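The values are calculated or read from the model by the stated rules, or taken from the named source; none is laboratory data. Keep in mind it's a predicted model, so treat the numbers as computed, not measured. Neighbour counts run over all protein chains shown; Cβ positions are idealised from the backbone, glycine included. Side chains are part of the model used for accessible areas, which takes the heavy atoms of the whole protein and leaves out ligands, DNA and RNA. Shrake-Rupley method; radii C 1.70, N 1.55, O 1.52, S 1.80 Å.
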Amino acid sequence: MTIPEIIAHRGASRERPENTLAAFRRAVELGADAAELDVHRTADGVLVVAHDPVLPGLGAIAERTASEVTAHFVRGEPVPTLEAVFAEVGDRLRLYVELKGQGTVPGAVAAIRSGPAAGRALDARAAVHCFDHRLVAEARSLAPDVPRGVLEASYAVDSCAAARTVDARDLWRHRDFVDAALVRAAHAEGRRVVAWTVNDAALMRRMADWGVDAICTDDVALARATLAP
């Protein structure tokens, strides 16, 4: 059994409000190897960390300034900027940045290349991924040295076709569409498989047996206990 990388889905989202500094700090405490997060661009061009484009009680992120968004609280925690997350945990966790919408690529690349983890190799520091593969292509054009991933929730006839198109290192695949054959196909091309979102111990062990490279989970404590060497 291989030991997959443990990625905290939106931080330690089982224990703290998702996509907040508190969630990312808790992911470090629980022993996560990495964290996944989502970014949107504000009206004044700042990337903030939130899953949805609209914040309850505030409105559309794209129509608000960064100062307005970061003053907004979600379940008692303020919405952070991407730069703030890197400053907080970027030297202790690899950060996987999911791009949410047009205009997010330049800011994501800038954050990855700066901050406290700037001395680490890029592939150890962070990566970007997205359901909109056009944004992944934009990232390839703007910053070919930043690792990329394609998000998919289906099983294509050619499992690596989308990744091959944008030269993506990572195949982010929903857990229901991951199997040993997919892992073999990805590894044959030198790519990685990231399964999301996996919160069941038996499935974690099965995926480790298949050789899945990383597991994105809401339950970091369970993953660490299940996948301990």
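Values as computed for the structure displayed
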| quantity | calculated |
| --- | --- |
| Of all accessible heavy-atom area on region 1-52, the percent that carbon and sulfur account for (1.4 Å) | 40 |
| Dipole magnitude of the chain about its Cα centre (Cβ charges: Lys, Arg +1; Asp, Glu -1), debye to nearest 20 | 300 |
| Heavy-atom accessible surface of region 75-229: percent carbon and sulfur, 1.4 Å | 52 |
| Low-density loop positions, trypsin sites (Lys or Arg not before Pro), region 66-174 - DSSP coil, at most 10 other Cβ in 10 Å | R75 |
| Inter-centroid distance (Cα atoms) of region 172-224 relative to region 92-147, Å | 22 |
| Average accessible area per residue (Å²) across region 95-229 - probe 1.4 Å, nucleic acids and ligands excluded | 40 |
| Top positive-direction residue, dipole computed over the chain with Cβ charges, set V198, Q102, T226 | T226 |
| Sequence-distant residues sharing a close amide H with A50 (under 5 Å, placed H) | D38, V39, H40 |
| Cα-based convex hull, region 9-48, per residue volume (Å³, whole number) | 62 |
| Amide H contacts of H9 (H built 1.01 Å from N, under 5 Å, at least 5 apart or other chain) | E36, T217, D218 |
